[in-house]
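The values are calculated or read from the model by the stated rules, or taken from the named source; none is laboratory data. Predicted model only: the values in this text are computed from it and were never measured. Cβ placement follows ideal geometry from the backbone for every residue including glycine, while neighbour counts extend to all protein chains displayed.
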Amino acid sequence: MCGAYALKIDIEALAKRFDAAPPSVAYPSRYNIRPTQGVPVIRNTSPKQIEIASWGIIPFWDKTGEKTIINARKDSLEKPTFRKSFYERRCLVLADSFYEWMNGDGKKAKRPYRFMLKSEQPFAFAGIWTAQEDGDGSEMRCLIITTEPNGIVGKVHDRMPAMLLPEAEAAWLGLDTAPEEALDLLRPYPEEQMTAYEISTLINSPANETPDVINPIK
C-alpha cells in the first residue's frame, strides 16, 4: 500500500520534466501528501497539462459516498471497480519520493522509510482517474496502482507503488495502448536506480508538513 508520499520540486521544473503546462492553481512543495488531498496528475485526455485531482476514488458500489480507495493492485485492475477507468482513464500521479513503514520488533513502533530515485528527480506513479459527483458538483479523483516490490522496497514492505520508467509514461497515457500492454508497464522499478533511508516518526502525523519530515535518522 502507498499511503503517503512527497513532491518538493519547483512546479515550473516539474512542468519541464513532464513537458506539460503547470496547473492553473498554485501548488507548493509537499512533504507529507495524504489521501483525500489534492495531488498533481497528468490525465490521458490532457497529456500536456498538469492538473490537481483528489487522491482517492469512491467505488460505484458504495452508495454512502464514505468509502475511498487510494490504491489498486495491478492484479485487480480488471475487476469491475477499476476496469472502466483502467481501460479509458489512465493518468500519471507526480511525485519525488514515497514512504513505507517497517514493522517494529515486539512493542517497538513501525519505522518509516523514504524511497526515491538516486538522481532525486521526480517520477510518475501509474494511476487511474475518474470524475465523480460530490456535494459541490463534479470532482476529479485518482488512485495509485501498486505492484510487486523491488529488492530495496521489499526489505520494508511487500508492495510498492507502480513507478513508471520515463520511457513508459507516454505509453501508459496512450489512448491506443491496449490493456494488456498497459499491464506490462507495471513492473517493479529497477532497484539500482533507487535509494532509501530511515526517517523520523514525524511522518506519522499528517499535520507535519515541513522539510524536517524527510531528514534522515542520524
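Of everything in the stretch 101-121 that's not in a loop (DSSP other than H, G, I, E, B) and not basic (K, R), which residue is farthest from the chain's Cα centre (by Cα)?
Here the residue is M102.
Going through P28, P47 one at a time, which residue ends up being free of Cβ contacts under 8 Å to residues at least 40 places away in the same chain and in a loop (DSSP other than H, G, I, E, B)?
P28
Given (1) at pLDDT 95 or above; (2) out of contact with any helix residue (DSSP H, G or I) (no Cβ under 8 Å at 6 or more places or on another chain), where does I42 come up short, assuming only one miss?
Answer for I42: the failing condition is (2).
With the requirement that a residue be touching a residue at least 40 places away in the same chain (Cβ under 8 Å), outside any helix (DSSP H, G or I) and of a type in the set (A, V, I, L, M, F, W, C), what does the stretch 146-174 give you?
Of everything in the stretch 146-174, those that are touching a residue at least 40 places away in the same chain (Cβ under 8 Å), outside any helix (DSSP H, G or I) and of a type in the set (A, V, I, L, M, F, W, C) turn out to be V156, M160, A162, M163, L164.
When you scan the stretch 193-200, do you find a residue that is assigned to a loop (DSSP other than H, G, I, E, B) and in contact (Cβ under 8 Å) with a residue 40 or more places away in the chain, even just one?
There is at least one residue in the stretch 193-200 that is assigned to a loop (DSSP other than H, G, I, E, B) and in contact (Cβ under 8 Å) with a residue 40 or more places away in the chain.
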